[in-house]
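Participant: If you scroll down you'll find the structure; I have some questions about it.
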Amino acid sequence: MLHFISLHCRMTGLISVLVGIVSITASTSARGQERGATSGGAVVVKVGKLSAPAPLEWKNEKPNNRLRSYQFRLLGEAGLADAEIAIYPESHPNPDVTFPRWQAQFIVPEGKTIDDISRKGTWDLPGAKAHYLDIQGTWKYRERPKDPTSKEMILENYRVIWVIVAEKEEATHIRFSGPAAVVDRYYKGFEQWLKSLK
């Protein structure tokens, strides 16, 4: 009888452990789906009501601040720094207000205007419009642009592409930045990913 009780207790304990493992696995799986992980290793990036899987060459990272919903690292080459793609949900939808502020982060070469080193345009997406600003030159970078205590770094020959994906009720900002040669290398895939949002 005692042997039966002992065996029953051990079985009960084993069942409890198995239930716990299943619960943890299910919770982890749910978080993965919420973050957009797919079985193929790609990350489905949500941009407002739109979404598209990120290219596999984009290394998914934990966002380094709470304003970002996603952050990706794109490997540099020939001694150049990596590029970065950061996505900011719940942002300002009007490029007429936001673009001048972003342009002010670049040093304009003597004899030129900010428009000489900038390129603007739009792409139509399902139920949304993507406004982009593409600048190359010397970037006065701050990790937290609105924080005066954030250290400014002068980054020469950088290319930054800002995109505002504006929907009816919300907007998402996307920033693709890095050494010009590195951004050039990944630009085609970035544009294809943007245009695949649906």
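Each row is one residue, and each column tells you yes or no for (1) loosely packed, with under 11 Cβ neighbours inside 10 Å; (2) outside the structural domain of MET153 (by TED's automatic domain parsing); (3) at pLDDT below 90; (4) in a loop (DSSP other than H, G, I, E, B).
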site	(1), (2), (3), (4)
HIS8	yes, yes, yes, no
LEU14	yes, yes, yes, no
LEU18	yes, yes, yes, no
LYS46	no, no, no, no
GLY76	no, no, no, yes
ILE87	no, no, no, no
PRO93	no, no, no, yes
PRO100	no, no, no, no
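Participant: Can you give me the ranges of the strands (runs of 3 or more DSSP E) entirely in the stretch 120-198 with at least 1 residues that are modelled with pLDDT of 95 or more and loosely packed, with under 13 Cβ neighbours inside 10 Å?
Facilitator: 152-166
Conditions (1) in contact (Cβ under 8 Å) with a residue 60 or more places away in the chain; (2) of a type in the set (A, V, I, L, M, F, W, C); (3) out of contact with any Ser or Thr (no Cβ under 6 Å at 6 or more places or on another chain), marked per residue:
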{"site": "TYR88", "(1), (2), (3)": "yes, no, yes"}
{"site": "ALA104", "(1), (2), (3)": "no, yes, yes"}
{"site": "THR113", "(1), (2), (3)": "no, no, yes"}
{"site": "SER118", "(1), (2), (3)": "no, no, yes"}
{"site": "TRP123", "(1), (2), (3)": "yes, yes, yes"}
{"site": "ALA130", "(1), (2), (3)": "yes, yes, yes"}
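Participant: Going by what's in this entry, would PHE190 be described as over 22 Å from ALA104 (Cα atoms), under 17 Å from the mean Cα position of the chain (by Cα) and among the aromatic types (Phe, Trp, Tyr)?
Facilitator: yes
Participant: Also, quick follow-up: Hey, can you tell me all the residues within the stretch 50-74 that are surrounded by 13 or more Cβ atoms within 10 Å (Cβ to Cβ) and modelled with pLDDT under 95?
Facilitator: LEU67
The values are calculated or read from the model by the stated rules, or taken from the named source; none is laboratory data. As the structure is a prediction and not an experimental result, all values here were calculated from the model. Note that each Cβ is placed from the backbone with ideal geometry, even for glycine, and that neighbours are counted across all protein chains shown.
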